[in-house]
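Asker: Right, I'll just put the structure down here and ask away after.
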Ligand SMILES: NC(=O)c1ccc[n+]([C@@H]2O[C@H](COP(=O)([O-])OP(=O)(O)OC[C@H]3O[C@@H](n4cnc5c(N)ncnc54)[C@H](O)[C@@H]3O)[C@@H](O)[C@H]2O)c1
Ligand SMILES: N[C@H](C(=O)O)C(O)COP(=O)(O)O
């Protein structure tokens, strides 16, 4: 049986991306599941091989099919940039690198859309560097959505116990309240329900929705978004047959959500830190990032460029491995329907 080809975008060369990729590719169990191909830069990957004291040999390919069935001791690379040392000093994001990372992501998306690869797992980028290079996206998520011409996408971070999706993603906190609309909350619930369904076995997924304000607004004393927007969106989702509850006060919610077995299959949080602080506290090692709603399979690490560790060889590759494993699993059970929305998997867990 042909193994799926999983693309891995190298991410920011000034961060830990290249190192965690090298460490992940050294794990033979990943290579048993999938063929892997790194989209990135030769000098950056050579440096990472040295930093990690790795025995992997970089094998440059011209096209994805050449990455098939290579020896486990190789690191297959589609080189899409020719960066110089000055472009990738550790901890110092550069415009040239910001432009290069954009090109890795773009080519990976094109290859997945064309059916030349089965999925993409992305290593961390500096959003600032990509934007300084003129690619004005808040992150991978928005770039991927644009390349896939997808409006209904949702960021979800997932571990064994918690899965959290976000109504607003990378936004200034001051802008968040204005972005909490009925349509946006309902869309996030819908895409979460579709995307998470195959992750949680049989039945309709149980989804919890958080409040925006302390104590759900305390009857309007601390805000009325719960009554005006969030509750009506929950009711609309319930009328569509979705199993949705809330809004729950966020302060106490995660204590109960993290019980075993978890009472909910997914949690819809109103903003980035509301959902990702508890998620990363519990799942920094095994967590992954998923983009739900895309026509391609995209997974990612749950951490950033970790500039303080770049070049040390000490960064953990656990999340990178989990992201690659999850991508392979998603491919294995994906429904074969053109332009499919959402993702399907055959297991409820993403253990690295
Ligand atoms: N998927 C992505 O591309 C992605 C995700 C998150 C953050 N970022 C970007 O990364 C940059 C830095 O963000 P940040 O400082 O908020 O978060 P960060 O995750 O880079 O670092 C936070 C802390 O976690 C540690 N850490 C991160 N990854 C680790 C690993 N693999 N092993 C051990 N420790 C690790 C760091 O050393 C640091 O102490 C920002 O530009 C941000 O936008 C990118
Ligand atoms: N919010 C994510 C995290 O904290 O892990 C993240 O920054 C990734 O964003 P993109 O996947 O859109 O780059």
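Bear in mind these aren't lab numbers, they're just calculated from the coordinates by the rules spelled out. Remember, it's a predicted structure, so these values are computed and weren't measured experimentally. Because the Cβ atoms are built from the backbone with ideal geometry, glycine has one as well, and the counts that use them run over all protein chains shown.
Asker: To test your reading of the geometry: what angle, between 0 and 90 degrees and rounded to tens, separates the Cα axis of helix 272-283 from the longest principal axis of the chain?
Answerer: Around 60 degrees separate the two axes.
Asker: Could I ask something else about it? Calculated FRET efficiency, residue 260 and residue 235, Cβ-Cβ r, R0 25 Å, to nearest 0.05?
Answerer: E(calc), rounded to 0.05, equals 0.25.
Asker: Expressed as a whole percent, how much of the Cα-Cα distance distribution for the stretch 161-285 exceeds 17 Å?
Answerer: Result: 54 percent of Cα pairs exceed 17 Å.
Asker: Subtracting the Cα-Cα distance from 0.36 nm times the residue separation, let me have the gained length for residue 252 to residue 60 in nm, one decimal.
Answerer: Full-extension gain reported as 64.0 nm.
Asker: Right, next: Across the stretch 208-264, what fraction of all alpha-carbon pairs, as a whole percent, falls in each successive 10 Å bin from zero upward?
Answerer: Calculated P(r), rounded to whole percents: 25, 46, 27, 2.
Asker: Tilt of helix 182-196 relative to the longest C-alpha principal axis of the chain, in degrees (0 to 90, nearest 10)?
Answerer: Once rounded, the angle reads 60 degrees.
Asker: What FRET efficiency comes out for the pair residue 204/residue 116, r = Cβ-Cβ distance, R0 = 51 Å, nearest 0.05?
Answerer: 0.90
Asker: Additional query: Could I have the simple spin-label model distance between residue 69 and residue 171, label points 7 Å from Cα toward Cβ, reported in nm to one decimal?
Answerer: It is 5.1 nm.
Asker: Specify the inter-centroid distance of the stretch 297-326 and the stretch 219-284, based on alpha-carbon positions, in whole Å.
Answerer: Computed from Cα coordinates, the inter-centre distance equals 27 Å.
Asker: P(r) for the chain: what percent of alpha-carbon pairs falls in each 20 Å bin, starting at zero?
Answerer: Here the calculated profile for the chain is 32, 56, 12, 0.
Asker: Mark the label point 7 Å from the Cα of residue 285 along Cα→Cβ and return the residues of the stretch 297-321 whose backbone N is within less than 18 Å of it.
Answerer: Residues 301-304, 314-321 qualify, since their backbone N sits under 18 Å from the label point.
Asker: Hey, what did the chain get for relative contact order, percent, Cα under 8 Å, at least 6 apart?
Answerer: 22
Asker: What fraction of the DSSP beta bridges in the stretch 161-285 is antiparallel, stated in percent and rounded to the nearest 5?
Answerer: Once the DSSP bridges in the stretch 161-285 are tallied, antiparallel ones form about 0 percent.
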